[in-house]
Amino acid sequence: RARHLAEVMSAVATTKVTTNLFGERWSKLAVNCMANPLAGLSGYGSAEVRSQPEPSRIAIHVAAEAIRVGGASGYEVEPIYGIVAKRFVDAAEGRGYDEVAKDMAASAKSLSGGRPSLLQDVMRGRRTEIEYLNGYVCTEGRRLGVPTPVNDAVVKTVLSYKVGALKPDPKNLAPITAVLPK
């Protein structure tokens, strides 16, 4: 029945059946942690966050930390942007970085416009969901003993602005870039 329902729903949106629900959830959390705050801080859209050098570099490290935390929680994180999760971890550790960055950029070619929800919140002067995205990864990382320095920097940077005071600008990414490995 689930497969039939997925087939029916595929007429509306991409649908798949999984036995790894929490692995899918961690994958979606990683996507949101990568795209939302970087767009909110920089003003870049979904495609630019994946394809511009600075935000994509940050995004790879954000994803790697989320994948490590999800793994420490006992879940096998499903592919992100169609890229096997382990490749993000490897890229953050210096193995295959260029290929992952290239694959992320390629996955963005089908996007048009697209403003992640956190960018929309910033543009409207609303409180963001940063504590429930990257903040959750950080909290779980601390609980499990998994370091999350890049996600910590993302949360700290977003929260350094009072609600309504953040003005999207690529320069806002600098404090996060500063914590990335050289």
If you average the C-alpha positions of region 39-73 and of region 121-146 separately, how far apart do those two centres end up, in angstrom? 13
Among 92, 165, 64, which one moves the most in a GNM of the chain with springs linking Cα atoms closer than 10 Å? 165
Looking at the chain as a GNM with Cα springs under 10 Å, which of 62, 122, 154 has the largest mean-square fluctuation? 122
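Taking only the C-alpha atoms, wrap a convex hull around region 19-116 and report its volume per residue in Å³ as a whole number. Don't skip to the end; give the middle numbers.
Values: hull volume 8.4 nm³, N = 98.
Expressed per residue, the convex hull around the Cα atoms of region 19-116 is 86 Å³.
Treat every Asp and Glu Cβ in the chain as -1 and every Lys and Arg Cβ as +1, leave all other atoms uncharged, and give the resulting dipole magnitude about the Cα centre to the nearest 20 debye.
Numbers: 24 positive and 18 negative charges, 68 e Å.
Using Cβ point charges on Lys, Arg, Asp and Glu, the chain gives about 320 debye.
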Could you order 132, 75 so the one with the most accessible surface comes first? Probe is 1.4 Å. 132, 75
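The values are calculated or read from the model by the stated rules, or taken from the named source; none is laboratory data. This one's a predicted model, so the numbers in the text were calculated from it and none came from an experiment. Cβ coordinates were reconstructed from backbone atoms using ideal geometry, including for glycine residues, and neighbour counts include every protein chain displayed. Accessible surface is based on the protein model in full, side chains and every heavy atom, while ligands, DNA and RNA are left aside. Shrake-Rupley method; radii C 1.70, N 1.55, O 1.52, S 1.80 Å.
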